[in-house]
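Take a look at the structure set out below.
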Amino acid sequence: MSTTAAPVPGASREQLGRLEEHWGERPSLRAWLTTVDHKKIGRRYLVTAGLFFALAGLSALAMRTQLARPESRLLSPQEYNQLFTMHGTAMIFLFATPMLFGFGNFLVPLLIGARDMAFPKLNALGYWIFLFAGLFMWASLPFGAAPNAGWFAYVPLTGQQHTPGLHMDVYSLGLLFLGIATTAGSINFIVTALKLRAPGMSLNRVPLFVWAIVATAFMVIFALPALNLDNAMLFLDRRFGTHFFDPAAGGNVLLWQHLFWIFGHPDVYIIVMPALGIVSAVLPAFTRRGVVGYVLVVFAIVAISIISFGVWVHHMFATGLPRLSYSFFSAASTIITIPSGIQIFAWLATMLLGRLVVRVPLLFVIGFIVTFVLGGFTGTMFALTAFDQQVTDSYFVVAHFHYVLIGGAVFPILAAIYYWLPKITGRMYHEGLGRWAFWLVFAGMHVTFFPMHLYGLFGMPRRVYTYPSEPGWDGWNLVSTIGSYLLAVGLLLVVVGVVHAIRRGRPAPPDPWGGDTLEWSTDSPPKSYNFPVLPQVHSLHPNWDESSRESMGAGAEADRILADGRTTLLTSELDGRREREVEMPGSSWQPLLLALVMLLFFTAMLFAWYPVAAVAAVAVAGTVATWLWPPRRPDRELGVSA
Amino acid sequence: MSGGVRAATGTAALTTELPVGRSTGWWGMVMFVVTEATLFACLLGSYFYLRFQSGDQWPPPGIAPPTLLKPLVMTAVLLPSSLPVIWAEHGIRKGQRWRLRAGLTATLLLGLTFLALQASEYAEKLHEFTLTTNAYGSLFYVITGFHGLHVLVGLTMIGWLLAASLRGGSFGAHRHDRVRNAAIYWHFVDLVWAAILFTIYLSPRL
Amino acid sequence: MDTRADPTTRSRRLAPVAVLGGVLALAGCSGQAPSALDPAGSGAGRITDLWWVLFWISMAVFVEVMVLLAWALLFRRRRDARVRHGQPLRFVVVAGAGVPLVILVTVYALGLRDLAALGDGPEPGATTIEVTGHQWWWEVRVPGVAGATANELHIPVGEKVRIRLRTADVLHSFWVPQLMPKTDLIAGEVRETWLRAERAGTYRGQCAEYCGTQHAHMSFLVVAEPRRDFDAWLARLGSPAPGPQTDAQRRGQQAFVQGSCAGCHAVRGTGADGHIGPDLSDVGARWSIGAGAVPNDGGHLGGWIANSQTVKPGNRMPPQPVQAAQLPDLIAYLQSLK
């Protein structure tokens, strides 16, 4: 294995000392609570999302255990319905997106050669909100008040009349709360990628993972408002008696579905897109070449982001809308396969033209291709209205989206865990353990979900807490349940592998894989300031390119060391031309404080303590006002004439 | 105060605030406004969706079509309120603090007038229908109320800028990012009102 | 379900699935499944044909991808760590966009053809059945016929029958996999679909849109029968329920009409005319109790009357204060209603 060392830093020892002084943090509780370091925040995102994944996974195991036999009474319907709702909601909102945002947080500044995100405090705020919103939603489960109407929460079932209690208030308020974090994170990614790239990193040298994250962030910006509005209207209908979804008073139940899926379909790509970016990031190191057709892949990413907004009605093919609109949305849903096909074949070409190094990350990428391609086939089938009407809301669709989401997101995430673990923790993982984990996860996934295609076709609807034995679905269900335990063991082995690496793994060199991007040009784990010298980028694969590497070593210039303060560089949006240095904020209590008052606000809204909510809203405004309050500076520096 | 002199003449002071390229704050605010605009687009889209899915009569029976006089006055108050902000921003770019203070005060007054007018509009409408009368009532109050909330947030930003500029040591020719970002938000709030005027008040007459 | 496709063609068609299932084959096939791959009506039949086209296309592309992957894994193991370049864009564009485009256009055309076929409903004067979804049962009525039944509807074989769908509460979805794809029941609106069975038989249907606690137990049966039998069913639906024949049944009827039952349930021709729960005029002939929750026999019926919450937790019927002595009479009476 290539173990190219990081270049000898071009910064002097004295400069390194000053950098450490400006960026370093001594470990303490205070430092832990106030940090704005994107690497720490990224790690927290990963761990927290991992915990929510475990909770959602255990919910699924309980469900599979219930479904192992027909007419089982292990879980009551009320329990089962909360579990399946929390499983879906948490996997989508509290695991997939935050996990990928965690990788984005850790990696984007490293990939583009910056010292932090554009808005470090906002980044910290985003994490705390994510954590609190996740706890807010999960805390309802022990009280039997968890959301219980499915992750897409169709009205009128979710109205006050049909679902009294806090269940759906937890859902709507929890998602609104979480939405703040997702929006803030997305804006942060966009601005970071636009302005903080190392000098020389013009748009055609931006790593594909960063393209994917930015495209994702743009989708969030345009898609999430629809969900937020939907949830706000649901909450108003439930709590304050408005009639948006009440057909008896001029409302319309399909309005919920339209808005939900205008968000919901882009959300599929919001989840899958960064994961596809991971695949493009992992492949070069293990095929010893860049991804074939960089421009085509970028085009595919952009095309998917745009087309994904024109396909939402394919989730409503059974609601009886006009046939003409079905023809249109069917066509759009069919066409969106093409950019995905381009990416798949670009990766295949990369593998065929490269030289494969078969390590665990590559295994997961291969597992991804096999699984995601199958999910893509069934996806195309769902684009055909007539076929969709037959298999939607059956176990066939459950099989389909688990192939897409486990294949398209979880496998790449697992690849990413193994690939970047040395960078994140500074330790190597155990290869044998990793291989066992891969085979168990791969086998478990297919044993669990493949049969669902079959019993879906055989007529078993989704979201049933039990089923009779006469239709003969029981054998297949038992197979699925056995598979789910295999999958769980495999995932447990992943955790064991990570813990083992942290405890016992041998120290990782800066560049264990011979990777092509900038994160491999600095220490494992990176210092608090990421790069002793900010690079001057000369190509798409800076770590494979002598001049880019040299710019951080012998070719270092003082204006890329920036040891005089906590600063990083701003560059131009398109060409990555150097513009100016910018001062970065240091650790602060404000993010945690602001997230706490927001938590108070949403909790007060949940329990209808409206005066408390009003006070909390004022506190939010006050905290933001203090946060952004301009520091006092002498007139000369400000440039004041009168 | 040699430290102050150094801070004022060091490379950081001389280079960081020269207007080279867009700042991160500018991009952040633009992206925020984009996502907010999408939210309003969804909200107004919902209005039209419910309108065209419901019966022939809109507003529904029992509710008169909205009268135009007051909303037009509100428009006449709110839309021009962007002008003093622009004038103030141009002033502070030249280092003229008095223009900043005067412009912000003017906008603040116009914004408050708008909110007062909206309150009187509500006082009138609440006799006719409320949030819970039917979907039309829900749409009317939620759309205008949500916009009113944005005006309130915008005014808080303007007031906050004014407070900071009155304190002194906040803004100048080299440091006016916050003024520019708040101005972007205020222009956005103004433009949204135009869309709401069209949707709520004009479109039922079409 | 008493009518099956010819078993040999069925198993031959399922063969690829079984091969794919590989190790899963031991779990056995679904003898009684309301399988979309075993259609009995023209609507579902089209989808089955479409499925096999899609299946074989998918298999072909999948094999292609697997061959390429295997090729890379077998012949592209590392020999040296040198970084390579070269951009075979033509391969990516042709294999990733060109070929898929041709396939997708074909498949889309097929899909449109079938969508049009599904939309080709019955003639204006065709038999119409009105189905209303309730949490968690199906109310079945026929326009112009006085009575109602639940969780079972009859159709004449070989005719397109219009099904008019409404919901009394939340969204449901009407799905008979062997006859016709789904149509959702939308609150505040009326939806229409149609059924046409090519051969007589009973076909299982089920609610396919999650509708709350007991979504799992919201099944129904479609009975396709010759026109003559169907007309007889219509006649039964329009006439009063059979009167009690034995003393036990008479006592049961009295208990039913005078007790709490009549508050929610109707039995035609008696004083019981509640409309909250299903009409019970033909309950003795139904295939199940509680829309598929339990079989319809004396024991289960008694358990249901005494406390249906233990049978179908969360359903709308509260536990009944029936005296132990009355229970056998009630069972006898209800079982006589057919």
Gyration tensor verdict on the range C:247-336 (Cα atoms; rounded if a/c is under 1.5, prolate if a/b is larger than b/c, oblate otherwise) = rounded
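In percent, what relative contact order does the range A:13-583 have, based on Cα pairs under 8 Å that are 6 or more apart in sequence?
19 percent
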query = Taking the Cα centre of the range C:247-336 as origin and charging only Cβ (+1 Lys, Arg; -1 Asp, Glu), how large is the dipole, in debye to the nearest 20?
reply = 120 debye
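Tell me whether the range A:590-629 comes out rounded, prolate or oblate; compute the Cα gyration tensor, take square roots of the eigenvalues as a ≥ b ≥ c, and use a/c under 1.5 as the rounded threshold. Mind dumping the intermediate values first?
Numbers: a/c = 4.58, a/b = 1.98, b/c = 2.32.
Note, shape of the range A:590-629 comes out oblate.
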task = For chain C, build the charge dipole from Cβ charges (+1 Lys, Arg; -1 Asp, Glu) around the Cα centre, then report which of C:P156, C:P88, C:L221 sits farthest towards its positive end.
result = C:P88
query = Among A:F130, A:P510, A:M381, which residue has its Cα positioned farthest towards the positive end of the charge dipole of the range A:13-583, with +1 placed on the Cβ of Lys and Arg, -1 on the Cβ of Asp and Glu, and the dipole taken about the Cα centre?
reply = A:P510
inquiry  = For peptide A:316-324, what's the mean number of Cβ atoms from other chains within 10 Å of each residue's Cβ?
reply    = 5
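Take peptide A:580-587, look around each residue's Cβ out to 10 angstrom, count Cβ atoms belonging to other protein chains, and average those counts. Please list the in-between numbers first.
Working: counts 10, 4, 7, 2, 0, 0, 0, 0.
Per residue, the average neighbour count from other chains is 3.
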note = To the nearest 10 degrees, the tilt of helix A:38-67 (Cα long axis) against the first principal axis of the alpha carbons of chain A is 20 degrees
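Helix-derived [θ] at 222 nm for chain C: sum -39500 (n - 2.57) over DSSP H runs of at least 4, divide by residue count, nearest 500?
Helix-only estimate at 222 nm: -12500 deg cm²/dmol.
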ask   = Any idea how far the Cα center of the range A:346-386 sits from the one of the range A:197-242, in Å?
value = 26 Å
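Take every DSSP beta bridge with both residues inside the protein assembly as shown and express the antiparallel ones as a percent of the total, to the nearest 5.
Working: 36 of 49 bridges.
The antiparallel proportion sits near 75 percent.
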message = Under 8 Å for C-alpha pairs, at least 6 residues apart: give me the relative contact order for the range A:254-391, rounded to a whole percent.
response = 34 percent
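In debye, nearest 20: dipole of the range B:30-205 around its Cα centre with unit charges on the Cβ of K, R (+) and D, E (-)? Can you show the working numbers first?
Details: 13 positive and 8 negative charges, 177 e Å.
It comes to approximately 840 debye.
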remark   = Rounded to one decimal in nm, the spacing of the 7 Å Cα→Cβ label points at B:A102 and B:A163 is 2.5 nm
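Ranking request for peptides A:123-129, B:195-201, C:270-276: highest mean number of other beta-carbon atoms within 10 Å first, then the rest in descending order. Working shown, then result.
Details: A:123-129: 27.0, B:195-201: 18.0, C:270-276: 14.9.
Descending mean neighbour count gives A:123-129, B:195-201, C:270-276.
Rank these for me by crowding, A:M117, C:M317, A:M381, going from fewest to most other beta carbons within 10 Å. Display every interim value, and only then the final one.
Details: A:M117 30, C:M317 19, A:M381 22.
Fewest-to-most Cβ neighbours within 10 Å comes out as C:M317, A:M381, A:M117.
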message = Charges on Cβ only, +1 for Lys and Arg, -1 for Asp and Glu, centred on the Cα centroid of the range B:22-112; of B:S81, B:T67, B:G103, which one is farthest towards the dipole's positive end?
response = B:G103
query = With axes computed from alpha carbons, what is the tilt in degrees of helix A:610-628 against the longest principal axis of chain A, rounded to the nearest 10 within 0 to 90?
reply = 20 degrees
inquiry  = Helix-only mean residue ellipticity at 222 nm, chain B, DSSP H runs n ≥ 4 weighted -39,500 (n - 2.57), per residue, nearest 500. What is it?
reply    = -25000 deg cm²/dmol
Normalised per residue, the volume of the convex hull around the Cα set of chain C (Å³) = 196 Å³
query = For the protein assembly as shown, what is the Kirkwood estimate of the hydrodynamic radius, computed as the reciprocal of the mean inverse distance between distinct Cα atoms, to one decimal in Å?
reply = 32.5 Å
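Helix-only mean residue ellipticity at 222 nm, chain A, DSSP H runs n ≥ 4 weighted -39,500 (n - 2.57), per residue, nearest 500. What is it? Mind dumping the intermediate values first?
On the way: 22 runs with 393 residues, N = 642.
Result for chain A, helices only: -20500 deg cm²/dmol.
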message = Only counting other Cβ atoms within 10 Å, I'd like C:W51, A:W439, B:W193 sorted with the fewest neighbours first.
response = A:W439, C:W51, B:W193
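Averaged over peptide B:130-136, how many Cβ atoms belonging to another chain are found within 10 Å of each residue's Cβ? Before the final figure, lay out the partial values.
Values: counts 2, 5, 7, 5, 7, 13, 4.
Mean partner-chain Cβ count within 10 Å for B:130-136: 6.
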request  = Output the antiparallel fraction of DSSP beta bridges having both residues in chain C, as a percent to the nearest 5.
outcome  = 70 percent
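Please work out whether the range A:248-361 counts as rounded, prolate or oblate from its C-alpha gyration tensor, where a ≥ b ≥ c are the square roots of the eigenvalues and a/c under 1.5 means rounded, while otherwise a/b larger than b/c means prolate and anything else oblate? Walk me through the intermediate numbers first.
Details: a/c = 3.82, a/b = 2.68, b/c = 1.42.
Prolate, since a/c reaches 1.5 and a/b exceeds b/c.
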inquiry  = Relative contact order for the range C:247-336: what percent, with Cα pairs under 8 Å and sequence separation of 6 or more?
reply    = 35 percent
ask   = Cα axis of helix A:120-138 to longest principal axis of chain A: angle in degrees, 0 to 90, nearest 10?
value = 20 degrees
inquiry  = Taking R0 as 45 Å, what FRET efficiency do you get between B:A123 and A:V495 from their Cβ-Cβ distance, rounded to the nearest 0.05?
reply    = 0.15
key: Cβ charges +1 (Lys, Arg) and -1 (Asp, Glu), total dipole of chain A, debye   = 960 debye
GNM flexibility winner over chain B from B:L69, B:L43, B:L83 (Cα, springs under 10 Å) = B:L69
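Highest first, please rank the peptides A:449-459, B:49-59, A:253-263, A:139-149 by the mean number of other Cβ atoms sitting within 10 Å of their residues. Before the final figure, lay out each step's value.
Details: A:449-459: 26.0, B:49-59: 14.8, A:253-263: 24.2, A:139-149: 19.1.
Averaged packing, sorted descending, gives the order A:449-459, A:253-263, A:139-149, B:49-59.
Kyte-Doolittle cut-off -1.0, length cut-off 27 Å along the helix's own axis using Cα: show which whole DSSP H helices in chain C pass. Before the final figure, lay out each step's value.
On the way: long enough: C:42-75 (49 Å, 1.59); C:99-119 (30 Å, 1.77).
Taking the DSSP H segments of chain C (at least 27 Å long, mean hydropathy at least -1.0), we get C:42-75, C:99-119.
Where a number appears in this text, it was derived from the coordinates with a stated rule and is not lab data. Since we're looking at a predicted model, the values are computed, not measured. Cβ coordinates were reconstructed from backbone atoms using ideal geometry, including for glycine residues, and neighbour counts include every protein chain displayed.
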